[in-house]
1. Go through the range 56-97 and count every residue that is closer than 30 Å to A244 by Cβ, surrounded by fewer than 18 Cβ atoms within 10 Å (Cβ to Cβ) and in contact (Cβ under 8 Å) with a residue 60 or more places away in the chain.
2. Checking V278 against (1) touching a strand residue (DSSP E or B) at 6+ places or on another chain (Cβ under 6 Å); (2) modelled with pLDDT under 95; (3) assigned to a strand (DSSP E or B), which test does it fail?
3. With the structure loaded, tell me whether A231 is of a type in the set (A, V, I, L, M, F, W, C), in the same structural domain as A200 (by TED's automatic domain parsing), farther than 18 Å from E323 by Cα and assigned to a strand (DSSP E or B) or whether it fails that test.
4. Out of S219, S245, S173, which single residue is of a type in the set (S, T, N, Q) and closer than 24 Å to H290 by Cβ?
5. Here is a check on your reading of the model: is A36 within 28 Å of S313 (Cβ to Cβ), in a helix (DSSP H, G or I) and either touching a residue at least 40 places away in the same chain (Cβ under 8 Å) or outside the structural domain of A131 (by TED's automatic domain parsing) (or both)?
6. List the number of the failed condition for A131; all other conditions in (1) touching a Leu at 6+ places or on another chain (Cβ under 7 Å); (2) within 27 Å of L250 (Cβ to Cβ); (3) modelled with pLDDT of 95 or more hold.
7. Give the range 252-275 a look and list any residue that's basic (K, R), in contact with a strand residue (DSSP E or B) (Cβ under 9 Å, 6 or more places away or on another chain) and either farther than 21 Å from T306 by Cβ or part of a loop (DSSP other than H, G, I, E, B) (or both), or say none.
8. With crowded, with 18+ Cβ neighbours inside 10 Å and at pLDDT 95 or above as the only criterion, which of A215, A174, A220 stands out?
Amino acid sequence: MGHARDFETLVERHRREIQVHCYRMLGSLADAEDLAQETFLRAWKGREGFEGRASVRTWLYRIATNACLDVLARRPRRVLPDQLGPAGEPDGPIAAADLPWLEPYPDRLLEGAAPDDTGAAVVERETIELAYLAAVQYLPPRQRATLILRDVLGWSAKETAALLETSVASANSALQRARATLRERLPARRAEWTVGDATAEETALLKRFIAAYEAGDPSAVARLLHEDAQAIMPPYPLWFGSRASIVRALSHSLAPASPDCVGQFRMRPVRANRQPAVATYLKRPGEHDHRWFGVTLFTIEAGWITAMAAFESATAAAWGLPETWPGEHDDHGSAGKMQRNA
């Protein structure tokens, strides 16, 4: 493994799953990309010390986990608005807050993240969905690492203890505490959410949502929301905890007749964190183009949208999409290109 080309051939097949591992640890796509690169740099520098007693995959996970623990030791946990305080009402302008927000992860980057049978659990929805990542953020770094290594990657207590340089008893204790915290933090009806690939019902629901939003029709959006639906919008700390509050907010920002209307939206279905989502473009008043706005993730239960998480910080490039929506004169051809790039 002394030559750069041999090293790259050996480790490159694990890049996607190492990046996903770093994302679970850190809750940030940008940080995960940086830490995956840091992992391979550390591996290259320490390649002479790799004796082959463990697989290359296990060796890389050890390096990545320690690199993430180094970062977590000096950074606060990532958050979502509903973790900061009670739900509010759309009574006036909303100010953005400079906080370490949890970030979404494009499904297109999950493909190829499990190169062999031992990595099959890497992309299961229950360990990558937004609710799971939000709950994991409450865990101290070493508990977080223990939980992910044991329950996601399937490492033994002995392997986990060796990586964390602790005893098997301590590793088992950390796992039990971490599992207890997750039980407290995960939504009670999580098992009822739409899972796996998009169903026909889910596809139809998103189509109706997109049509209502693009038409600037808050009433039509309301007909798709559960009465207890929640909406969060990082980087804004204000969040809404009911259909009525969401619709009041949309009546100000979405309806074309409102003086506070932010503009006209265009949307297309995507996937993020193994959840249904839409990529959003906005044409603001006085502008000619619909420009990239962000990604909104949905939680769907029994045919209702029960939660929306709109991330303005998400970048178009991460979803393989352009910065501007195709021109109206070339809608079909350009939209087809967008679909193929997703």
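The values are calculated or read from the model by the stated rules, or taken from the named source; none is laboratory data. Note that the structure is a prediction, hence the values are computed from the model and not measured. Neighbour counts run over all protein chains shown; Cβ positions are idealised from the backbone, glycine included.
1. Within the range 56-97, residues that are closer than 30 Å to A244 by Cβ, surrounded by fewer than 18 Cβ atoms within 10 Å (Cβ to Cβ) and in contact (Cβ under 8 Å) with a residue 60 or more places away in the chain number 10.
2. Evaluating V278 over (1) touching a strand residue (DSSP E or B) at 6+ places or on another chain (Cβ under 6 Å); (2) modelled with pLDDT under 95; (3) assigned to a strand (DSSP E or B) leaves (2) as the failure.
3. On the way: of a type in the set (A, V, I, L, M, F, W, C): yes; in the same structural domain as A200 (by TED's automatic domain parsing): yes; farther than 18 Å from E323 by Cα: yes; assigned to a strand (DSSP E or B): yes.
Taking the combined requirement at face value, the residue satisfies it.
4. Working: S245 fails: closer than 24 Å to H290 by Cβ; S173 fails: closer than 24 Å to H290 by Cβ.
The match here is S219.
5. Values: within 28 Å of S313 (Cβ to Cβ): yes; in a helix (DSSP H, G or I): yes; either touching a residue at least 40 places away in the same chain (Cβ under 8 Å) or outside the structural domain of A131 (by TED's automatic domain parsing) (or both): no.
Here the answer is no, as A36 does not meet what is asked.
6. (3)
7. Of the residues in the range 252-275, the ones basic (K, R) are 266, 268, 271, 274.
Next, from what is left, pick out any that are in contact with a strand residue (DSSP E or B) (Cβ under 9 Å, 6 or more places away or on another chain): 266, 268, 271.
If the condition is that a residue be basic (K, R), in contact with a strand residue (DSSP E or B) (Cβ under 9 Å, 6 or more places away or on another chain) and either farther than 21 Å from T306 by Cβ or part of a loop (DSSP other than H, G, I, E, B) (or both), then R266, R268 are the ones that fit.
8. Details: A215 fails: crowded, with 18+ Cβ neighbours inside 10 Å; A220 fails: crowded, with 18+ Cβ neighbours inside 10 Å.
None of the other options fit; the residue is A174.
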